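The values are calculated or read from the model by the stated rules, or taken from the named source; none is laboratory data. Quick caveat: nothing in here was measured; it's all calculated off a predicted structure. All Cβ positions, even for glycine, are placed from backbone atoms using ideal geometry, and neighbour counts span all protein chains on display. Heavy atoms of the whole protein, side chains included, go into the accessibility calculation; ligands, DNA and RNA do not. Shrake-Rupley method; radii C 1.70, N 1.55, O 1.52, S 1.80 Å.
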Amino acid sequence: MIIAMDGPAASGKGTLAKQLASHYGLGHLDTGALYRAVARDMLAGGRDLDDEVAAAQTARNIDPETLEDPGLRTAAMGEAASLVAKLPQVREALVEYQRAFARRPGGAVIEGRDIGTVVCPDADVKIFVEASAQVRAKRRHKELIEAGQDIAYEEIHAQIAARDALDRSRAVSPLVPAQDAHLLDTSDLGIEAALKAAVKLIDSVIR
Ligand code: CDP
């Protein structure tokens, strides 16, 4: 079974994707980490983030062992990821890795922005996770503060709004629900309630 989960920044899809993977015994891939890793490696190499040829080359050479690097989870890396993510050659370089992961024999939960539309258009279940901009900014702020980063709520709110606008308006693979995606609004749902709602939805689709 392949579950495609898309949605804007801090909508809760990361937490949910991990829990769903463990609930159904599936593999889990956070594709945002791939874009964040491209941004990290470009910055480390002193490259401009709009250098498409260098970014595509960097994308082809990502070391999967480095995708858990806590340095990927900063607000600055999220912004930088969004810049490299709009480059068509970068997306093309990363799509095969994502599809290969999806083809794993045990199945997978794959989360990102274009999983249901581009990476896995034939996924068994597609969920588009939403939450109000205010709730998402609050969640991300709490997460970053807990990780020891010193950043104001207002700054996070502005950054998330700017990143979502960029992700939604880009020409290639914009953030948009697939036509056959099920919408799940987690604004008023805690972690457990969101998991329950997602499991109910998935079970109703696959049974
Ligand atoms: O965790 P959060 O939702 O804030 O972001 P993320 O999923 O780590 O993604 C970081 C950035 O990578 C996004 O803002 C997108 O620009 C880009 N991305 C993408 O374009 N396509 C994906 N499948 C996943 C992420």
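Within a straight-line Cα-Cα reach of under 25 Å, K138 can be paired with the following lysines, leaving aside sequence neighbours fewer than 8 residues apart in one chain: K13, K18, K196.
Modelled spin labels at Y153 and E92, positioned 7 Å past Cα toward Cβ, are 4.5 nm from each other. A probe of 1.4 angstrom, applied to the heavy atoms of all protein chains, finds H23 with accessible area near 100 square angstrom.
Please give me the summed charge of the neighbours of K126: other residues whose Cβ is under 9 Å from its Cβ, Lys and Arg +1, Asp and Glu -1.
Once all neighbours under 9 Å are counted, the net charge is -3.
Computed on protein heavy atoms with a 1.4 Å probe, the accessible areas place M42, M1 in the order M1, M42, largest first. I156 sits among other residues whose Cβ lies under 10 Å from its own Cβ, and their net charge, with Lys and Arg +1 and Asp and Glu -1, is +2.
Between Q179 and Q134, the FRET efficiency estimated from the beta carbon spacing at R0 = 35 angstrom works out to 0.80. If you build a Gaussian network model of the chain, linking Cα atoms that sit under 10 Å apart, which residue out of D167, D185, D48 swings the most? Between D167, D185, D48, it is D48 that shows the largest mean-square fluctuation. Legend: P(r) of region 2-195 from all alpha carbon pair distances, 10 Å bins from 0, whole percents, reading 9, 37, 40, 14, 0.
With contacts taken as Cα pairs under 8 Å at a separation of at least 6 residues, region 2-195 carries a relative contact order of 35 percent. A probe of 1.4 angstrom, applied to the heavy atoms of all protein chains, finds Y35 with accessible area near 20 square angstrom.
Reported value for region 106-187: 118 Å³ per residue, from the convex hull of its C-alpha atoms. By a 1.4 Å probe calculation restricted to protein chains, V53 has an accessible surface near 100 Å², given to the nearest 10. The local environment of A85, defined by Cβ-Cβ distances under 11 Å, has a net charge of +3 under the rule Lys, Arg +1 and Asp, Glu -1. Ordered from largest to smallest accessible area (heavy atoms of protein chains, 1.4 Å probe), the residues K200, K13, K18 come out as K200, K18, K13.
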